[in-house]
Structure formats: C-alpha cells, structure tokens
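This report refers to the structure that appears directly beneath it.
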Amino acid sequence: VEEAKAFRKQHKIKVYGTDVPNPFRTFEDLASPAYNLNPMLYKNLMTVKYKTPTPVQMQSIPIMLKGRDVMSCAPTGSGKTMAFLLPILQDLEKPEKKTSYRALIIAPTRELVQQIAREVKHLSEGTKLRVNVLTKATAADKFQTPESRQKFDILITTPLRLVYAIKEKEVDLSAVRHLVLDEADKLLDQGFLEQTDEIFAACSGSKIQKSLFSATFSSHVEELAKTVMHDPIRIVIGSKNA
Ligand code: ADP
Ligand code: MG
C-alpha cells in the first residue's frame, strides 16, 4: 500500500474512492498472472512499441479490469484512449454471436470517433472482435437492415447519431456492459446532456461499467457524473483542469 502511494506520488496520480486497485508499472506486468492479459492483446501492445504506460493508463487499466466505474481526468495527449480500450477488449475477449453490442463508446465529434476506431482496430487485431462506427456520414446506409447492424461487439459513435439510431430502432443496446464517455466534460455539458441522458436510458442492461475520460471536469459535471455512476473511483493526473 505504501509502495503504491509512493509510486502514485512519483507519477502525479491522485486517486479518490474506496478500495482503489494498485497501478501497474510496465506493460510486461500486464502479461503476469496478476492481470492475465489476453496474449493477443499483449502482442498487439508490443507491436505498437510504446515503451512505458502513461500515468492515466497505469491507474485506469487496473481499475477497469476490476470492473469498477472510473472518472479519469488527464491531460490531452496522455493516452486516455488506450486506457479505456485495453480493459474493454480484455473483458470482451472474443466475438459473442448471440448478443448485440457489449461495449459502447461515445465521443463528441466524428473525428474523435474515427480516431478511436483506428486505435481499436490496431489493439484488437487477431481477436475477431467486430467494431461498428456510426457517424452522420453513415446515416444514409438505409440498405443496412437492423439485423446486419447487430453483428458487432463494439459500437463507437457520436451522441447525436446514436440518439437518431435509437429512435429509428437501428441499434439494440440491451446487452451493453461497458459504457465510455470520452471527452466526458463535453458530453455532460448543456449542449449534449439531453442526448447523453437518452443514451443512458437506452442502455437497459442491469450491470454496466461506466467510464468517463476527460482532460477537464468542472465541479458541476463531477456532481452530475456521481449521480449516474456506482461507487466510482476518481483519478486526477497532474493538476486538475490543467
Ligand atoms: P488523449 O485521449 O489523452 O488526448 P490519445 O489517447 O489520443 O490521448 O493519445 C495520444 C497519443 O499518444 C496517440 O498518438 C497514442 O498513440 C499515443 N500513446 C498512447 N499511449 C502511449 C504510451 N503508453 N506511450 C507512448 N505513446 C502513447
Ligand atoms: Mg482523447
């Protein structure tokens, strides 16, 4: 415990919450029995050749692997995308034919959605997990039947496009068990709050891990987030709202 404290201090990781799992130190740690990372994911990690995990990755990944809800505040460019993707890919493991989407990732812009999708493709190579991307541009795909849209494990989308898809009954979110809000400060701000609310309501599963990632969290958004999360752990890297 003391060791974890010193390690966090050294990497400017602040944590708030109950029973916070220890951070990991090296990617090799993830291959050890303590984490038991899928060898395929480990191989993909080695292929991208990151030398060391970033602080937000060190602390968020063990928390998410334990199934806990998390709110992570870390600067732009600090590797938040991989911090939420890796534990989700580890949990989903392989395609599930009988259910629809099990992971839902929301980001405020089409560009971000596409960036996340690219990173999923690299990280999930060889797992056969199926990723679908909804943006305004694909809204015209009317020839896609509802059935053909269901054969995916992961959905990445903007909030507006998803709300449209929910209304049109294009997507079934009843099997979702991972919900990520990327750039959560924007998604929980006035401009998107109504859509984000509708999305939460459409995820009707009983046990959903919720993860919020952002470079900033206003105290208003923080209070709001607490009302939708279950016993969350909050992480702040560096200084808040830097
Ligand atoms: P954020 O969402 O925090 O702004 P990104 O997830 O977009 O940051 O990552 C920023 C860049 O850092 C990307 O090019 C990504 O590939 C890279 N990156 C992610 N993790 C690491 C790491 N552990 N070491 C080095 N680079 C990394
Ligand atoms: Mg990001």
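How many residues, within the range 201-227, are open to solvent by 20 Å² or more (accessible area, probe 1.4 Å) and touching a helix residue (DSSP H, G or I) at 6+ places or on another chain (Cβ under 6 Å)? Final tally of qualifying residues: 2.
Being more than 16 Å from ligand 2 (Cβ to nearest atom), open to solvent by 10 Å² or more (accessible area, probe 1.4 Å) and on the phi < 0 side of the Ramachandran plot is the filter here; which residues of the range 78-99 pass it? Once the filter is applied, which keeps residues that are more than 16 Å from ligand 2 (Cβ to nearest atom), open to solvent by 10 Å² or more (accessible area, probe 1.4 Å) and on the phi < 0 side of the Ramachandran plot, the range 78-99 yields Q90, D91, K94, P95, E96, K97, K98, T99.
If you go through the range 28-46 one residue at a time, do you hit one that is open to solvent by less than 40 Å² (accessible area, probe 1.4 Å), among the hydroxyl-bearing types (S, T, Y) and under 18 Å from V120 (Cβ atoms)? No, that holds for no residue. Could you please give the count of residues in the range 101-137 that are in a loop (DSSP other than H, G, I, E, B), surrounded by 18 or more Cβ atoms within 10 Å (Cβ to Cβ) and within 16 Å of ligand 2 (Cβ to nearest atom)? Matching residues across the range 101-137 total 2. The combined condition, being modelled with pLDDT under 95, away from ligand 1 (no atom under 12 Å from the Cβ) and assigned to a loop (DSSP other than H, G, I, E, B), is not fulfilled by K51. Considering only residues that are open to solvent by 10 Å² or more (accessible area, probe 1.4 Å) and hydroxyl-bearing (S, T, Y), look in the range 49-65 and name the one that is nearest to ligand 2 (Cβ to nearest atom). Ranking the qualifying residues of the range 49-65, first place goes to T54. Please determine whether any residue of the range 176-187 is surrounded by fewer than 18 Cβ atoms within 10 Å (Cβ to Cβ) and not β-branched (V, I, T). Within the range 176-187, none of the residues are surrounded by fewer than 18 Cβ atoms within 10 Å (Cβ to Cβ) and not β-branched (V, I, T). Which residues, counting only those in the range 66-77, are of a type in the set (G, A, S), surrounded by fewer than 23 Cβ atoms within 10 Å (Cβ to Cβ) and within 14 Å of ligand 1 (Cβ to nearest atom)? Hit for the range 66-77 is G77, nothing else.
Listed by first and then second residue, the pairs linking a residue in the range 60-84 that is part of a loop (DSSP other than H, G, I, E, B) to a residue that is among the polar types (S, T, N, Q) and near ligand 2 (Cβ under 9 Å from one of its atoms), with Cβ atoms under 9 Å apart and 6 or more places separating them unless they lie on different chains, are A74/S214.
In the range 1-24, the residues that are without any contact (Cβ under 8 Å) to a residue 12 or more places away in the chain never reach a residue that is surrounded by 10 or more Cβ atoms within 10 Å (Cβ to Cβ) with C-beta atoms less than 8 angstrom apart, at least six apart or across chains.
The values are calculated or read from the model by the stated rules, or taken from the named source; none is laboratory data. The shown structure was predicted, so the numbers you read here are calculated from the model rather than taken from an experiment. Positions of Cβ are backbone-derived with ideal geometry, glycine not excepted, and every protein chain shown enters the neighbour counts. For the accessible areas, the whole protein counts, side chains as well, though only heavy atoms, and no ligand, DNA or RNA atoms are used. Shrake-Rupley method; radii C 1.70, N 1.55, O 1.52, S 1.80 Å.
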